[in-house]
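Structure first, then comments.
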Amino acid sequence: MTRNHSQEPKHLFWGLLRAQAVATLIIAIVVAAFGSGEQVLIALWGGGISLIAYAWAAYQLWAHPGNRSPRRHASAAVRAEVGKIVILLMLFWLTLRQWPATRDSNAIIMFAAFFLVQFVGWVWLAIRLASAPTQTADEGSKSDNE
């Protein structure tokens, strides 16, 4: 396996987190132009919820050293998705329960920021994975043997 292929998952991990962090900051800047300071914090938190959940999932899929074995890929994907959903539900529940300002019209800001940050992550991944060179099983075994 070449060095570029062995480090590709870490590039996906950090690239996804960077794309979502930049999207969160841009959304907060847009909200700052039209809203209050509390609404900016709510937008940052909405994007942050997505970032935290996707950081967990991306770590499980691409950066966890124990999940590099091909026989652990399926269980890693299940852990990543279930963990992401649990994190999302817990953070939204705690936020809506403990932060009264998120229960009124500001909830739209939080959920909009959350969905926009998710969308940016999906688009970034789609572009990145579409441009990644594909490797057939025969090519992979040849490069591993060399």
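The values are calculated or read from the model by the stated rules, or taken from the named source; none is laboratory data. Values in this document were obtained by computation on a predicted structure and should not be read as measured data. All Cβ positions, glycine included, derive from the backbone under ideal geometry; neighbour counts span all protein chains shown.
With A74, A130, A107, A55 as the choices, which residue is at pLDDT below 95, under 16 Å from W14 (Cα atoms) and assigned to a helix (DSSP H, G or I)?
A55
Select, from A28, A21, A32, the only residue that is more than 21 Å from the chain's Cα centre (by Cα), surrounded by 13 or more Cβ atoms within 10 Å (Cβ to Cβ) and at pLDDT 90 or above.
Only one candidate passes the filter, namely A32.
State yes or no: is L61 touching a residue at least 12 places away in the same chain (Cβ under 8 Å) and crowded, with 19+ Cβ neighbours inside 10 Å?
yes
Can you tell me which residue among A33, A43 is free of Cβ contacts under 8 Å to residues at least 40 places away in the same chain and assigned to a helix (DSSP H, G or I)?
Residue meeting the stated conditions: A33.
If you go through segment 85-137 one residue at a time, how many are crowded, with 18+ Cβ neighbours inside 10 Å, among the hydrophobic types (A, V, I, L, M, F, W, C) and in contact with a Ser or Thr (Cβ under 6 Å, 6 or more places away or on another chain)?
Here the count works out to 3.
So, in segment 35-54, of the ones that are crowded, with 21+ Cβ neighbours inside 10 Å and among the hydroxyl-bearing types (S, T, Y), which residue ends up nearest to F111 (Cα to Cα)?
S50
Going by the structure shown, is A74 surrounded by fewer than 11 Cβ atoms within 10 Å (Cβ to Cβ) and either in contact (Cβ under 8 Å) with a residue 12 or more places away in the chain or of a type in the set (A, V, I, L, M) (or both)?
When the stated conditions are applied, A74 passes them.
I'd like the full set of residues that are in contact with a helix residue (DSSP H, G or I) (Cβ under 8 Å, 6 or more places away or on another chain) and either at pLDDT below 85 or of a type outside the set (A, V, I, L, M, F, W, C) (or both), limited to segment 81-104.
Within segment 81-104, E81, G83, K84, T95, T102, R103 qualify.
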